[in-house]
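Enquirer: Just dropping this structure here.
The values are calculated or read from the model by the stated rules, or taken from the named source; none is laboratory data. As the structure is a prediction and not an experimental result, all values here were calculated from the model. Glycine gets a Cβ as well: all are built from the backbone with ideal geometry, and neighbour counts include every protein chain shown. All accessible areas refer to the heavy atoms of the entire protein, side chains included, with ligands and DNA or RNA removed. Shrake-Rupley method; radii C 1.70, N 1.55, O 1.52, S 1.80 Å.
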Amino acid sequence: AAAEAAVRAQAEAVRRLKQDKADPDEIAKEVAKLLEMKAQLGGDEGKHKFVLKTPKGTRDYSPKQMAIRERAFGAIVTCFKRHGAEVIDTPVFELKETLTGKYGEDSKLIYDLKDQGGELLSLRYDLTVPFARYLAMNKITNIKRYHIAKVYRRDNPAMTRGRYREFYQCDFDIAGQFDPMIPDAECLKIVHEILSDLQLGDFLIKVNDRRILDGMFAVCGVPDSKFRTICSSVDKLDKMPWEEVRSEMVGEKGLSPEAADRIGEYVQLHGGLDLVERLLQDAKLSQNKLAKEGLGDMKLLFEYLTLFGIAGKISFDLSLARGLDYYTGVIFEAVLLQQENEHVEEPVSVGSVAGGGRYDGLVGMFDPKGRKVPCVGVSIGIERIFSILEQRVEASEEKIRTTETQVLVASAQKKLLEERLKLISELWDAGIKAEVLYKKNPKLLNQLQYCEDTGIPLVAIVGEQELKDGVVKLRVVATREEVNVRRESLVEEIRMRTSRP
């Protein structure tokens with residue numbers, strides 16, 4: 001009884017910690033203690049109930065969801081390959097020191113693992129830092145690569161908004177010493193191609209430059225030591241009004257109200273090439289070497305984007321900051337727009353679906369000799385894109401196929417299992433995607449119904465007469481049309497009828 005009371009007390013302690021939103025590590029420790037106490041209580045093995053759930057911030061994907069996801073991945077990979085990218089992979093965990101100090105204020109979200117025999121490890125937080133480590137380790141100075149893999153963040157998940165603790169990233173990066181803004185323009189073109197291809201609706205790609213931001217902070221009177229922390233405040237402008245961001249800068253981060261007001265004059269500006277030209281003439285900004293460099297490159301970038309025919313979808317936006325510490329030049333973010341109603345002048349952003357920028361110093365942080373490899377890259381926010389595609393399929397009630405089976409091998413009479421297995425084996429060996437029902441004598445109606453349910457377009461029917469004549473009856477499920485095809489021509493006929501136009 002005393003042991004049971006102790007277990008109850010421990011369970012209550014865990015409940016209170018959760019209620020008070022205590023540190024996740026502390027909660028995990030207390031939960032582990034509770035489980036240990038329950039295990040010691042023992043004697044009740046038969047009654048132990050497993051909690052059937054996925055861990056917090058994760059989800060399972062059903063065959064239907066995976067089919068939608070594969071479609072999106074297919075479009076993204078096709079685009080990356082069209083631009084000549086190679087593919088790499090890296091371990092899911094890195095040495096903790098590899099990740100430490102690369103993410104600014106977000107570092108607290110890194111998932112640390114227990115000591116593994118002297119190695120302190122963490123789950124990767126993104127694919128960019130492992131890429132930089134890979135370049136430095138292998139002394140690579142020039143590569144164009146893509147990498148699609150899961151990353152991990154110990155975030156408080158908002159799963160309805162597509163925020164998870166485990167999620168995929170799709171990254172494309174160009175590393176190497178090249179003439180300014182040509183690779184950067186290609187990254188923006190890739191974002192434009194992918195978002196157009198996935199038909200997610202209207203979108204806008206915001207661009208800015210870390211050098212313009214830093215120059216702006218300098219001329220507005222922000223001390224050097226506060227650049228990064230003020231940067232992460234500015235980064236919240238897409239989610240919070242300026243008044244709240246200003247009070248965070250002044251109240252929490254100790255910035256003078258005058259400096260905050262001067263920043264406010266700049267960060268509310270957005271436009272195109274005309275704004276770049278106007279800021280190049282700005283008396284204060286043009287005096288700052290960094291800002292002037294950034295504005296010069298921004299002008300060049302817009303020239304290339306015009307040649308690519310996408311300048312209309314690009315907005316030079318001085319409030320774009322992107323919180324990560326490693327960016328050094330151009331930064332960009334793609335947002336989907338939603339027209340609330342006809343009376344609204346400006347479309348409303350419904351969230352970021354891609355982001356990236358230039359990070360020329362990151363590889364040098366890993367290189368023993370500090371050799372720099374300039375890099376620019378983009379990450380496609382596949383989780384949010386996936387949520388949108390999923391909602392769209394639900395709304396349209398479109399029937400999603402979860403298999404690619406081209407033909408079901410069926411029979412109309414009994415005792416033909418051997419013939420069905422012989423025929424399906426021939427089809428498999430010829431590379432045809434085929435299925436057979438796992439019954440000796442299935443009813444023809446059940447076999448046809450299976451095709452209707454799963455979207456299989458063709459049925460190859462073997463019967464006694466067909467076997468004598470050396471033919472197979474091929475039935476088109478949608479039209480119910482039937483043709484006799486000679487056995488030796490069957491593979492060709494199936495290929496012809498299922499090849500996409």
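Enquirer: Name the residue farthest towards the positive end of the dipole of the range 345-406 from the options VAL376, THR403, GLY355, assuming +1 on Cβ of Lys and Arg, -1 on Cβ of Asp and Glu, about the Cα centre.
Expert: So the residue furthest toward the plus end is VAL376.
Enquirer: Can you give the % of DSSP beta bridges in the chain that are antiparallel, to the nearest 5?
Expert: Given both bridge residues lie in the chain, the antiparallel proportion sits at roughly 80 percent.
Enquirer: Using the reciprocal of the averaged 1/r over all distinct C-alpha pairs, how large is the Kirkwood radius of the chain in Å? It would help to have the intermediate numbers written out before the result.
Expert: Details: mean 1/r = 0.0367 Å⁻¹.
Hydrodynamic radius (Kirkwood, Cα pairs) of the chain is 27.2 Å.
Enquirer: Same structure, new question: Note the per residue figure in Å³ for the convex hull of the C-alpha positions in the range 110-151.
Expert: Roughly 83 Å³ of hull volume per residue.
Enquirer: At a 1.4 Å probe radius, which order do ARG401, ARG210 fall into by accessible area, largest first? Mind dumping the intermediate values first?
Expert: Values: ARG401 85, ARG210 5 Å².
Largest to smallest exposure gives the sequence ARG401, ARG210.
Enquirer: At 0.36 nm per residue, minus the direct Cα-Cα distance, what do GLN281 and LYS415 gain on full extension? Give it in nm, one decimal, please. Can you show the working numbers first?
Expert: Working: separation 134, 0.36 × 134 = 48.24 nm, distance 8.73 nm.
Contour length minus the Cα-Cα distance gives 39.5 nm.
Enquirer: Please get the size of the charge dipole for the chain, origin at its Cα centre, with Cβ charges of +1 on Lys and Arg and -1 on Asp and Glu, quoted in debye to the nearest 20.
Expert: 1520 debye
Enquirer: In nm, give the distance between the simple-model label positions of ARG392 and GLU252, each being 7 Å from the Cα along the Cα-to-Cβ direction.
Expert: In this crude spin-label approximation the distance works out to 3.5 nm.
Enquirer: Using only the Cα atoms of the range 1-41, what do you get for the radius of gyration and for Dmax, in Å?
Expert: Here Rg and the maximum Cα pair distance are 10.3, 31 Å.
Enquirer: Then there is this: Going highest first, how would you order 255-268, 404-417 by mean Cβ packing within 10 Å? Mind showing how you got there, number by number?
Expert: Details: 255-268: 17.1, 404-417: 18.8.
In descending order of packing, they fall as 404-417, 255-268.
Enquirer: Going by a ≥ b ≥ c, the root eigenvalues of the Cα gyration tensor, does the range 274-318 fall in the rounded group (a/c under 1.5), the prolate group (a/b larger than b/c) or the oblate group? List each step's numbers first, then the result.
Expert: Working: a/c = 2.88, a/b = 2.14, b/c = 1.34.
Prolate shape, in that a/c is at least 1.5 and a/b is the bigger ratio.
Enquirer: Can you find, among PRO223, MET496, GLN449, the residue farthest towards the positive end of the dipole of the chain? Put +1 on the C-beta of Lys and Arg, -1 on that of Asp and Glu.
Expert: GLN449
Enquirer: Does the range 407-498 classify as rounded, prolate or oblate by the C-alpha gyration tensor (a ≥ b ≥ c root eigenvalues; a/c under 1.5 gives rounded; else a/b over b/c gives prolate, otherwise oblate)? Intermediate values should be presented prior to the final figure.
Expert: Working: a/c = 1.27, a/b = 1.03, b/c = 1.24.
Because its axes are fairly even, with a/c under 1.5, the range 407-498 counts as rounded.
Enquirer: Rounded to the nearest 20 Debye, what is the dipole magnitude of the range 1-41 about its Cα centre when Lys and Arg each give +1 and Asp and Glu each give -1 at the C-beta?
Expert: Approximately 140 debye in magnitude.
Enquirer: Run the simple label-point estimate for ARG480 and LYS38 please: 7 Å along Cα→C-beta, distance reported in nm.
Expert: It is 5.6 nm.
Enquirer: Given a 1.4 Å probe and every protein chain left where it sits, what share in percent of the accessible area of the chain is carbon and sulfur?
Expert: The value for the chain is 52 percent carbon and sulfur by accessible area.
Enquirer: With n ≥ 4 as the cut-off for DSSP H runs, can you work out [θ] at 222 nm for the chain, using -39500 (n - 2.57) per run divided by the number of residues, rounded to the nearest 500?
Expert: My calculation for the chain gives -13000 deg cm²/dmol from helical runs alone.
Enquirer: Taking Cα pairs under 8 Å and at least six residues apart, what relative contact order does the chain come out at, in percent? Before the final figure, lay out each step's value.
Expert: Details: 772 pairs, mean separation 68.7, N = 501.
It rounds to 14 percent for the chain.
Enquirer: Using 1/(1 + (r/R0)^6) with R0 = 25 angstrom and r between the beta carbons of ALA311 and GLU265, what's the FRET efficiency to the nearest 0.05?
Expert: Details: r = 25 Å, r/R0 = 1.02.
FRET efficiency, ALA311 to GLU265: 0.45.
Enquirer: Right, next: Counting Lys and Arg as +1 and Asp and Glu as -1, each charge on the Cβ, what is the dipole of the range 460-501 about the Cα centre in debye, to the nearest 20?
Expert: Numbers: 9 positive and 8 negative charges, 41 e Å.
In debye, rounded to 20, the range 460-501 gives about 200.
Enquirer: Follow-up. Taking R0 as 51 Å, what FRET efficiency do you get between ALA22 and ASP197 from their Cβ-Cβ distance, rounded to the nearest 0.05? Intermediate results must be reported in sequence, preceding the final value.
Expert: Details: r = 45 Å, r/R0 = 0.88.
The calculated FRET efficiency here is 0.70.
Enquirer: Apply the a/c threshold of 1.5 to the C-alpha gyration tensor of the range 180-307 and tell me whether it is rounded, prolate or oblate. Intermediate values should be presented prior to the final figure.
Expert: Details: a/c = 2.37, a/b = 1.45, b/c = 1.63.
It comes out oblate by the Cα gyration axes.
Enquirer: Provide the per residue accessible area, probe 1.4 Å, for the chain, rounded to a whole number of square angstrom. Present the calculation step by step, with values, prior to reporting the outcome.
Expert: On the way: 26930 Å² over 501 residues.
The answer is 54 Å² per residue.
Enquirer: Over 5 Å intervals from 0, what percent of Cα-Cα pairs in the range 381-429 sits in each interval?
Expert: Calculated P(r), rounded to whole percents: 4, 15, 15, 13, 11, 7, 7, 13, 10, 5, 1.
Enquirer: I've got another one for you. Could you pull the accessible area for TRP428 with a 1.4 Å probe, rounded to 10 Å²?
Expert: 130 Å²
Enquirer: Here's something else I'd like to know. If I ignore ligands, DNA and RNA and count only protein heavy atoms, how much of MET365 is accessible to a 1.4 Å probe, in Å² to the nearest 10?
Expert: The accessible area comes out at roughly 120 Å².
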